[in-house]
Structure formats: C-alpha cells, structure tokens
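S.K.: Could you have a look at this structure, given as structure tokens, before my questions?
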Amino acid sequence: MKLKLIQVAACFFFLISFSGAVQAQTELPADFGAKGALKDSSITFDEALIYAIQDEYLAQARYDAVIGKFGNIRPFNNIMAAEQQHISALVSLFQKYDKQIPEDNAKQYVSAPGTLKEAFNQGVQGEIDNIAMYDKLKTIPSLPEDAQMVFTQLGNASKNHLRAFQRGAVRN
C-alpha cells in the first residue's frame, strides 16, 4: 500500500510539474512584430502599423508575464504601463487612417522566464529589436508625418526602456 501511495504521489507530482511547463505558448511567427519588420524588405505603411502594434502587444505581454511570476517590480511595472501608452498612440494612427486594428494575441507567444536575470536580458533584447524596428519604419517612403513622429517618439521611449533593463541586468 505504501509503495502504491508513493507511485501515485510521484505521478501526481509529475503531472503538476509537466502541466506548469506546458503553458499555452506558441512559437512566435517569423512575420510578427519587430522580428517580422526587420526581415521584411519592402514595408508598406499598413504593414508598418501592424508590425509596430504587434511588437508593443508582445512587449506588454512579456512584462505582464514577468510581473505575474516575480511580482509588481520595477522597471517592469512602469514599462508595462508605458507600453499601453505606445499601443494607444498606434491605435490613434489606425483610427485616423481607417485601418483595422489587429487583435492582441501576443500572450500566446510568451511565457515567464525562469529567473529575474533572464527577464532583464529578454527586456534588453526586446527593446533593441523594437528600436531597430522603429528606425527602419521611419525610412518608409511617403510615410505620413504624424506616423513619422509617433515612430520617432516610440523608438526614443524604447531607448529609455533599454537603459532601465540594462541597469537591471547588471544588478541581477
């Protein structure tokens, strides 16, 4: 009886551990967000808007996962709030130019990192990619002036986020 109880407990522990590891995460598509924009050789204004909002959705989902695992810590909580402002700025462009706003499905592409150090390093890489994306999007021919301004502002904000994550990565 004791052996059976140990086997059942081990099986239960395995199932609980395994279910936690199999979070609802799907591999990030190659044409999503900054990674997609950086690979795309001829981006239209419509595509630029989509890449930009996807990347902001993705950043917000990443930081939400970090906060969910490690608590409401800085700078993740501050930057997550800033990502919502970035999304709002992009939504304004979608609305002004009568474009369909993509669904926010970014949570399916993220999971919480194992350590806080990993979280900071992922934040660093995410912001590097985001900055590179906005630098590229600003060069689109015939880009409306207001979109140029929004892309510039969001890229500049990401530079601040990058510095915050770099400081955190050094400390952790």
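S.K.: Mind ranking 70-78, 141-149, 153-161, 57-65 by how tightly packed they are, going by the mean number of other C-beta atoms within 10 angstrom, highest first?
M.R.: Top of the packing list down: 57-65, 153-161, 70-78, 141-149.
S.K.: Which net charge results for the neighbourhood of P113, defined as the other residues with beta-carbon distances under 13 angstrom from its beta-carbon, given Lys and Arg at +1 and Asp and Glu at -1?
M.R.: Values: positive: R62, K69, K117; negative: D64, E118.
Within the 13 Å Cβ shell, the charges total +1.
S.K.: Can you give the translational diffusion coefficient of the stretch 51-165 in µm²/s, computed by Stokes-Einstein from the Kirkwood radius over Cα pairs at 37 °C and 0.692 mPa s?
M.R.: Answer, rounded: 227 µm²/s.
S.K.: Find the Rg to Rh ratio for the stretch 115-156, where Rh is the Kirkwood radius over alpha-carbon pairs and Rg uses the same atoms.
M.R.: Values: Rg = 13.2 Å, Rh = 11.3 Å.
Across the stretch 115-156, the Cα-based Rg/Rh ratio is 1.17.
S.K.: If you put +1 on each Lys and Arg Cβ and -1 on each Asp and Glu Cβ, how big is the dipole of the chain around its Cα centre, in Debye rounded to 20?
M.R.: Values: 17 positive and 18 negative charges, 219 e Å.
So the dipole magnitude of the chain works out to roughly 1060 debye.
S.K.: Per the Kirkwood treatment, what hydrodynamic radius in Å, one decimal, follows for the stretch 59-106 from the mean inverse distance over all distinct Cα pairs?
M.R.: About 11.8 Å for the stretch 59-106.
S.K.: Please state, to two decimals, what the Cα-based radius of gyration of the stretch 81-126 comes to when divided by 2.2 N^0.38 Å (N = residues). List each step's numbers first, then the result.
M.R.: Details: Rg = 14.3 Å, N = 46, 2.2 N^0.38 = 9.4 Å.
Its radius of gyration relative to the 2.2 N^0.38 Å reference: 1.52.
Computed from the coordinates by the stated procedures, all read-outs in this text should not be read as laboratory data. Every value quoted in this text rests on a predicted model; they were computed, and no experiment measured them. Ideal geometry is used to build each Cβ from the backbone, glycine not excepted, and the neighbour counts take in all protein chains shown.
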